[in-house]
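Visitor: The following block contains the structure, expressed as structure tokens.
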């Protein structure tokens, strides 16, 4: 039972680590995507600047977009952290629940085993008592029989002396 518990704990830890890696990989991919978009934005801005486009509103729009993308990246990273924390908490709760259930099962098994041992001990003691009582009874009968035989012999001897 302990080996099964340990195996379950290890499987939970492995699953937890895999999920953490997947969440980190997703966050990394999202970060790369945002970074790529930022680089494209900056490249298009440089290109526009080289062409000499006097586009102030374009720059403002680009900066707004850049801020929006950075905010989106931060939000995505935050969401990933929250999801990971929730997943970790759920996994810990599940592990604690399983551990509690296993402990309960072990306690119940222990209780059943002790009850069985108690019944066997009582049965053994009862048999020993009955055996001892039977032996004592047999000895009493034997002693009574010997006493009767001795009394009978005495009577016969007295009767023989009287005649």
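Here, each number is a calculation from the coordinates, and none is a lab measurement. Only a predicted model underlies this, so the values are computations on that prediction, with no experimental measurement involved. Every residue, glycine among them, receives a Cβ derived from its backbone with ideal geometry; neighbour counts consider all protein chains shown.
Visitor: Top mean-square fluctuation among 153, 105, 121, Gaussian network model of the chain, C-alpha springs under 10 Å?
Guide: Largest GNM mean-square fluctuation: 153.
Visitor: To the nearest 10 degrees, how steep is helix 2-51 against the longest Cα principal axis of the chain, on a 0 to 90 scale?
Guide: Taking Cα atoms only, the helix is inclined about 0 degrees.
Visitor: Taking the chain as a Gaussian network, where each spring joins two C-alpha atoms under 10 Å apart, which residue of 151, 110, 79 fluctuates the most?
Guide: Maximum among the listed residues: 151.
Visitor: I'd like the FRET efficiency for residue 99 and residue 136, computed as 1/(1 + (r/R0)^6) with the beta carbon distance as r and R0 of 45 Å, rounded to 0.05.
Guide: That pair, residue 99 with residue 136, gives E of 0.25.
Visitor: Further question on the same structure: Starting from the Cα gyration tensor of region 25-93, multiply each eigenvalue by 5, take the square root, and state the resulting semi-axes largest first in whole Å.
Guide: They are 37, 11, 4 Å, listed largest first.
Visitor: Follow-up. Can you tell me which of 149, 95, 80 moves the most in a GNM of the chain? Springs connect C-alpha atoms under 10 Å apart.
Guide: 149
Visitor: Still on this structure: Test of understanding: what is the full-extension gain from residue 7 to residue 92, defined as 0.36 nm times their sequence separation minus their Cα-Cα distance?
Guide: Full-extension gain reported as 29.1 nm.
Visitor: Still on this structure, please answer the following. Rounding to the nearest 10 and keeping the result within 0 to 90°, find how far the Cα-based axis of helix 56-162 lies from the longest principal axis of the chain.
Guide: Long axis of 56-162 versus the principal axis of the chain: about 0 degrees.
Visitor: Once the Cα atoms of region 62-129 are picked out, what are the Rg and Dmax in Å?
Guide: Considering region 62-129 through its Cα atoms, Rg and Dmax are 29.1, 99 Å.
Visitor: Also, quick follow-up: For a footprinting-style exposure proxy, rank 10, 66 by other Cβ within 10 Å, fewest first.
Guide: Sorted ascending by nearby Cβ count, the order is 10, 66.
Visitor: Round to the nearest 0.05 the FRET efficiency obtained for residue 81 and residue 120 when R0 = 45 Å and r is the Cβ-Cβ distance.
Guide: My answer for the efficiency is 0.20.
Visitor: Report the Stokes-Einstein translational diffusion coefficient (µm² s⁻¹, integer) for region 2-118, Rh taken as the Kirkwood radius over Cα pairs, at 4 °C with viscosity 1.567 mPa s.
Guide: 69
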